[in-house]
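The values are calculated or read from the model by the stated rules, or taken from the named source; none is laboratory data. Because the structure is predicted, anything quoted here is derived from the model rather than measured. Cβ placement follows ideal geometry from the backbone for every residue including glycine, while neighbour counts extend to all protein chains displayed. Side chains included, ligands, DNA and RNA excluded: accessible areas come from the protein's heavy atoms. Shrake-Rupley method; radii C 1.70, N 1.55, O 1.52, S 1.80 Å.
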2 protein chains.
Amino acid sequence: MTDRSTDRFAQYPLDKVHRLFEPGPVVLVSTSEGRRANLMTNGFNMPVRHSATLALVVGPWDHSYTALRETGECVIGIPGRELLETVVDIGNVSGADVDKWDRYGLTPAPAATVRAPLVAECFANVECTVADDRLVDDYSLWLLRIERAWIDPAAPAGAEIHHRGDGTFSANGERIDLRARMTKWEALTHD
Amino acid sequence: MTDRSTDRFAQYPLDKVHRLFEPGPVVLVSTSEGRRANLMTNGFNMPVRHSATLALVVGPWDHSYTALRETGECVIGIPGRELLETVVDIGNVSGADVDKWDRYGLTPAPAATVRAPLVAECFANVECTVADDRLVDDYSLWLLRIERAWIDPAAPAGAEIHHRGDGTFSANGERIDLRARMTKWEALTHD
């Protein structure tokens with residue numbers, strides 16, 4: 001891990017982190033069991049509380065499950081279009097078998113508050129700790145506390161990619177600006 | 001309510017319902033307290049289990065919360081681009097004050113398994129019952145059982161709209177087909 005790889009990141013305000021998840025991105029989840037870091041692809045995620053809590057589905061069938069259980073920490077990286085083939089490939093293999101960082105040429109970069117690494121090639125990364133695991137046994141559903149967030153200030157808005165759930169994906173198209181219409185939610189619209 | 005308004009809908013297979021939510025749509029949640037139906041706008045939702053379970057954030061600050069608590073039922077409607085201004089307007093007013101169906105010219109259509117109505121103008125509707133409310137008190141997070149789903153077969157794929165969390169929205173742009181690459185998840189890629 002080198003500090004150089006995180007030079008592209010600036011801290012992203014916690015009260016805007018929902019903007020990274022509400023649109024429905026496909027993400028990479030980074031975990032670390034001691035010396036060994038792992039990555040998985042995930043499409044089941046959402047904001048739960050503005051600036052505080054995310055929900056994420058990681059099941060016992062995922063190799064990352066054990067690390068999340070044992071360490072209570074992960075980083076969620078949000079990839080852009082240029083990483084999408086890699087993101088799909090990562091979803092096809094298990095960290096039990098291969099070092100995905102090495103195989104796919106991804107760079108683990110040090111996080112500030114957790115041991116799991118940031119994914120330097122993602123345009124945004126969110127450091128998380130487990131906030132509530134009551135629904136993990138029955139639903140593989142983790143509630144995560146948002147600890148710190150990072151963004152590449154040069155990344156265009158809406159760089160995330162949406163999985164349509166069938167192996168096809170959507171990039172974002174037309175941006176529709178209805179901020180002036182959000183009269184009740186004006187506070188959400190500030191830059 | 002007339003049956004006519006649901007003529008456009010065909011039943012949508014439950015094992016594909018995650019395709020409606022995984023991309024991250026802004027949705028309308030329909031509830032019914034006895035004779036009175038209500039609608040709310042929601043951007044915090046995701047699939048939890050393929051074909052079985054969804055997660056949705058509805059808090060006590062939402063008028064629909066009481067109906068969801070009392071009836072244990074709702075319908076989630078997924079609007080297309082042509083409904084987006086209405087969806088934002090619905091998010092600005094409370095069902096405690098106005099009949100949103102009437103004010104916004106939306107048509108409640110009978111559901112098959114719940115009393116909450118489908119939104120005839122949405123291109124897809126999913127009938128849900130509450131599966132687990134353990135995280136409602138602390139996180140306003142509801143787990144919903146998927147009971148039945150409907151789609152307008154004429155709706156284009158990817159008609160959903162993504163809220164970027166700040167009053168701007170994204171329509172879907174380029175469709176990227178990586179089905180051939182989903183070797184581990186080939187079963188998800190079938191039509």
Subset of region A:82-122 (residues that are surrounded by fewer than 21 Cβ atoms within 10 Å (Cβ to Cβ), farther than 24 Å from A:Q11 by Cβ and among the charged types (D, E, K, R)): A:E85, A:D89, A:D97, A:D99, A:D102, A:R103
Members of region A:17-37 found to be buried (at least 17 other Cβ atoms within 10 Å of the Cβ) and at pLDDT below 95, listed by number: A:E33, A:A37
Where a residue in region B:6-29 is touching a residue at least 12 places away in the same chain (Cβ under 8 Å) and its partner, wherever it lies, is among the hydroxyl-bearing types (S, T, Y) and open to solvent by less than 10 Å² (accessible area, probe 1.4 Å), with Cβ under 9 Å and at least six apart: B:P23/A:S170; B:V29/B:S64
Failed item in (1) away from chain A (no Cβ under 14 Å); (2) open to solvent by 10 Å² or more (accessible area, probe 1.4 Å), with B:G77 passing the rest: (2)
Test for B:C128: is it away from chain A (no Cβ under 14 Å), buried (at least 23 other Cβ atoms within 10 Å of the Cβ) and touching a Cys at 6+ places or on another chain (Cβ under 7 Å): yes
Residues (free of Cβ contacts under 8 Å to residues at least 40 places away in the same chain and in contact with a strand residue (DSSP E or B) (Cβ under 7 Å, 6 or more places away or on another chain)) located in region B:146-191: B:E147, B:R164, B:T168, B:S170, B:G173, B:E174, B:R175, B:I176, B:D177, B:L178, B:R179
Members of region B:40-63 that are polar (S, T, N, Q) and at pLDDT 95 or above: B:T41, B:N42, B:N45, B:T53
Residue in region A:96-106 that is away from every other protein chain (no Cβ under 14 Å) and in contact with a Pro (Cβ under 9 Å, 6 or more places away or on another chain) present: yes
Qualifying residues in region B:135-154 (those that are open to solvent by 30 Å² or more (accessible area, probe 1.4 Å) and over 21 Å from B:A52 (Cβ atoms)) - the one nearest to the other protein chains (Cβ to nearest Cβ): B:D138
Leading residue by the ranking (most open to solvent (accessible area, probe 1.4 Å)) among those in region B:158-191 that are more than 7 Å from chain A (Cβ to nearest Cβ) and more than 30 Å from A:H190 (Cβ to Cβ): B:D191
Where A:V93 falls short, out of the listed (1) within 11 Å of chain B (Cβ to nearest Cβ); (2) modelled with pLDDT of 95 or more: (2)
